[in-house]
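The values are calculated or read from the model by the stated rules, or taken from the named source; none is laboratory data. Note that this is a predicted model, so its numbers are computed, not measured. With ideal geometry, Cβ positions are generated from the backbone for all residues, glycine too; neighbour counts draw on all protein chains shown.
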Amino acid sequence: MYLTHFGLEAAPFSLTPDTRCFFGVRSHVDAVNTCVSAMAMGEGLVKVTGEVGTGKTLVCRMVLNALGGRFTLVFLPNPAHSVASLHRMIASELGVDDSLAEDRLLGAIQQAAISAAANEKPVVILCDEAQTLPDSVLEAIRLLGNLETEQRKLIQLIMFGQPELDARLLQHSMRQLLQRIGFSAELTPLSYAETAAYIEHRLAEQGATSPLFSAWAKRRIWMASQGIPRLIHQLCHKALLLSFGQGNAG
C-alpha cells in the first residue's frame, strides 16, 4: 500500500463515510443546517436528495450527530418494503415490543412518541434510500407525520433519497405527501474549487505535509468525476496507487 510511501497515516480516499473527515462544501452544509433547523422548529417532514455518490449517507450521519442528545433518533439505513416492516423497524429502535400484533403496534409507537415528547426529546426518524420505498410505505410515512398533540408533532421525519424520489413525489397519488414536506435540500456535485480544496483536505487529514496532486491533476480528476465525491475518491486512490507503483514521490 502507498501510505508509508506518501507519509500518510490512513487511507485518505476510503469509500466509507467518516464524519471525522467532513469537509463543508456548500450543499452539504446547507443540507445539514436545513435538517437541524427544521427539526428544531418542529417542521415535521424534510427531504434531502442527491445523485448517487454525492454524500447522502455522510450528510445523514452528520445530521444524526447534530441532533443527538436533543431528540430520540430512529435511523433506518435499509428501506422497509412493507408497512408492517416499517412499523416493526421503528418499534425496535424505540424499544417497543415489535412482536405486537400490527393493529396494536402503531398505538405502541404513538405512546412511545408521547413519552419521548414529555421528556423533551421528540422522535425524529431518518430514512435512507427513500426512493426505493413502495407507495404504501411512503403513505405510511405521511401518516406517521400526522401523529401530533395540540402543541407539536409527535414524530418528525427526514427522508434521504436519489433524484428518483423527487420524480415519484410529483405523481398525483403522492400529492398529499408532497404537501407535507416543509423543507427540501439538494446535494450537488462539487465545483472545481471545491474539488481541489476537498482533495487537499482529505490528504491533510491523514498527515500529508506536501501537495501530492498538481493543479492539472486535480482539474482532470474534477472533469472525469463530474464533481461526484465518490468518483473523486476512486480516481484519487487509483492515481496514488499508480504513482506509488511507478516510484514517484507525488
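Residue by residue through region 24-36, note down the ones that are touching a residue at least 40 places away in the same chain (Cβ under 8 Å) and assigned to a helix (DSSP H, G or I).
Once the filter is applied, which keeps residues that are touching a residue at least 40 places away in the same chain (Cβ under 8 Å) and assigned to a helix (DSSP H, G or I), region 24-36 yields ARG26, SER27, HIS28, ASP30, ALA31, THR34, CYS35.
Return the residue satisfying two criteria in turn: it lies in region 218-239 and is modelled with pLDDT of 95 or more, within 18 Å of ALA208 (Cβ to Cβ) and aliphatic (A, V, I, L, M), and of such residues it is surrounded by the fewest Cβ atoms within 10 Å (Cβ to Cβ).
LEU235
Residues that are closer than 18 Å to ALA80 by Cβ and among the hydrophobic types (A, V, I, L, M, F, W, C): which helices (runs of 4 or more DSSP H) entirely in region 96-209 hold 2 or more of them?
102-118, 135-144, 163-169
One line per residue, one yes/no per condition, for (1) surrounded by fewer than 20 Cβ atoms within 10 Å (Cβ to Cβ); (2) aliphatic (A, V, I, L, M); (3) outside the structural domain of LEU165 (by TED's automatic domain parsing); (4) touching a Leu at 6+ places or on another chain (Cβ under 7 Å):
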position	(1), (2), (3), (4)
CYS21	yes, no, yes, no
THR34	no, no, no, no
SER37	yes, no, no, no
THR49	no, no, no, yes
GLY55	no, no, no, yes
VAL59	no, yes, no, yes
VAL63	no, yes, no, yes
ALA66	yes, yes, no, no
GLY69	yes, no, no, no
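Any idea how many residues of region 93-109 are surrounded by 13 or more Cβ atoms within 10 Å (Cβ to Cβ) and at pLDDT 90 or above?
Going through region 93-109 one residue at a time, the tally reaches 7.
Select from region 24-69 the residues that are among the basic types (Lys, Arg) and either over 28 Å from ALA113 (Cα atoms) or in contact with a strand residue (DSSP E or B) (Cβ under 6 Å, 6 or more places away or on another chain) (or both) and list them in ascending order.
ARG26, LYS47, LYS56
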